[in-house]
1. If we keep just the residues of region 21-51 that are charged (D, E, K, R) and not in a helix (DSSP H, G or I), which is farthest from the chain's Cα centre (by Cα)?
2. Suppose we keep only residues that are over 15 Å from Lys26 (Cβ atoms) and among the charged types (D, E, K, R) within region 119-134. Which one would you say is surrounded by the most Cβ atoms within 10 Å (Cβ to Cβ)?
3. Name the residue that is nearest to Arg129 (Cα to Cα), counting only residues in region 28-58 that are in contact with a Leu (Cβ under 6 Å, 6 or more places away or on another chain) and of a type in the set (Val, Ile, Thr).
4. Please work out if Lys140 is of a type in the set (D, E, K, R), surrounded by 12 or more Cβ atoms within 10 Å (Cβ to Cβ), free of Cβ contacts under 8 Å to residues at least 60 places away in the same chain and in contact with a strand residue (DSSP E or B) (Cβ under 9 Å, 6 or more places away or on another chain).
5. If we scan region 62-73, do we find a residue that is more than 24 Å from Glu181 (Cβ to Cβ), assigned to a helix (DSSP H, G or I) and more than 23 Å from the chain's Cα centre (by Cα)?
6. If you go through region 173-185 one residue at a time, do you hit one that is within 28 Å of Pro34 (Cβ to Cβ), in contact with a helix residue (DSSP H, G or I) (Cβ under 9 Å, 6 or more places away or on another chain) and hydroxyl-bearing (Ser, Thr, Tyr)?
Amino acid sequence: MTEDIINDTKNRMLKSIESLKSEMAKIRTGRAHPSLLEHVKINYYGTDTALNQLASINVMDARTLAVNAFDKGSIPDIEKGIMNADLGLNPVTAGEVIRVPLPSLTEESRKDLIKVVRAEAEQCRVAIRNIRRDANSSCKNLVKEKIISEDDERKAETRIQKLTDEHIALVEKSLEKKEAEMLEI
């Protein structure tokens, strides 16, 4: 019974880590990376569609992304969608390729982005602690219902705490890595 709780806890914590990584991938560093544009929604024939479903996104050089639309008629919509995505990017269309130059980050904008990254990491830590709380209360309920003993509950809580510590360490490692990327010039 406690194994199910622990496995569920582990899966939920891993999903929190994956969510954090995907959110961090959206925050731009000094380098061009296709994940910056993947979440951008384009109004395509009246439907909001993810950019990566309408075009391929490639890195041209360290500061430029190239967007190749599958449907050449959607190029103006893609260009408009990138501009409206609130990323501070201005796409330039050159024939059938949309070039998206990334402006270099100033010291101030780097610090602002680091604050955003730290806030994302803190949200992930809180989510992991909430998952721990839920798992511990599930164990307490099993003791109240006399399904497991108090010793089993303590063992399960110890394992849950160990899982929590491991996943928070993963959050810290991701945060350090992203901060180092952002401070790179």
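1. Residue satisfying both the conditions and the ranking: Asp48.
2. Restricting to residues being over 15 Å from Lys26 (Cβ atoms) and among the charged types (D, E, K, R), the top hit is Arg132.
3. For region 28-58, the residue satisfying everything is Val40.
4. The answer is no for Lys140.
5. Looking through region 62-73, at least one residue is more than 24 Å from Glu181 (Cβ to Cβ), assigned to a helix (DSSP H, G or I) and more than 23 Å from the chain's Cα centre (by Cα).
6. Within region 173-185 (the criterion being within 28 Å of Pro34 (Cβ to Cβ), in contact with a helix residue (DSSP H, G or I) (Cβ under 9 Å, 6 or more places away or on another chain) and hydroxyl-bearing (Ser, Thr, Tyr)), the answer is yes, since at least one residue qualifies.
Yes/no matrix, rows are residues, columns are (1) assigned by TED's automatic domain parsing to the domain that holds Leu65; (2) within 28 Å of Asp4 (Cβ to Cβ):
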site	(1), (2)
Leu87	yes, no
Arg118	no, no
Arg125	no, yes
Glu145	no, yes
Thr164	no, yes
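The values are calculated or read from the model by the stated rules, or taken from the named source; none is laboratory data. As the structure is a prediction and not an experimental result, all values here were calculated from the model. Neighbour counts are summed over all protein chains in view; Cβ atoms, including those assigned to glycine, are modelled from backbone coordinates with ideal geometry.
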